Structure formats: C-alpha cells, structure tokens
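Peer 1: Quick one: the structure is below, and I'll ask about it shortly.
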C-alpha cells in the first residue's frame, strides 16, 4: 500500500480555510499554490508520486499534469488519471477526492475520514497530521 501524509497546516481542506478566497492570492486554485504553499489532497498524492510543486502549480486536476507524463507513468499507476490512448481524463478517484476536498459543507474531521476511506479503496493510505 502506498502511503501519503497530508499536513493539515498546508491543506486547502482545513476547517476555516477559505479556499480560493485569499485576497493576496485570488487565483489560488487546484493542486498547489506557491503563494500560500497550500495543496489540496490530490496535490499531496501527486507530490508523493513524484510530481514537483513547480509542475503542479497552476494545474487544477491530475489530468492537467499529463503533459509531463508518459502513458503508464506515475499518475496512471497511482490511479489518478485514466488514459484511453486518445485522451487522458481524471479518474473516478480524482473526481471524488476533489469533490470532498472542496466541499465547504463538510467538516474537516468528516473530510479526513471520507478521504482516508476513499484512498484506502485504491490502496493508498492517507494520514493527516498537524
């Protein structure tokens, strides 16, 4: 099982963090924002899979990173994208994880539980730490 640690202080899913509403970084969006150093849950997984923060910056979802990759490369192996041979799309895992991460109606503790269970279904152990 692959293991990924999400640091709450750098996570956009943290309670009270108004994702995308930081006046100093109004375009914060997606996997990684260099202005705040924060990442969504998928950003932490992509980083563990070997994608640099520089490569993630400005990209909203794993499929946006495929220009850095080859068929069968890390995001495909980690189950974050699906490659039909004609196009690369976000996997169900990526879509579901983003929906949970970005939902402001879900409390942080519940998000952590939901994301941990979701990634475990895909052989990825997600751990949250302060």
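Peer 1: Ranking 127, 116 by Cβ neighbours within 10 Å, fewest first, what do you get?
Peer 2: Listing 127, 116 from fewest to most nearby Cβ atoms yields 127, 116.
Peer 1: Right, here's the next one. Let's test the formula: R0 of 22 Å, r as the Cβ-Cβ distance of residue 104 and residue 53. What FRET efficiency results, to the nearest 0.05?
Peer 2: 0.35
Peer 1: Another question about this same structure. For residue 121 and residue 96, compute 0.36 nm times the residue count separating them, minus their Cα-Cα distance, and round to one decimal in nm.
Peer 2: That works out to 7.8 nm of additional length.
Here, each number is a calculation from the coordinates, and none is a lab measurement. Predicted model only: the values in this text are computed from it and were never measured. No Cβ is skipped: glycine too gets one built from the backbone with ideal geometry, and neighbour counts run over all protein chains shown.
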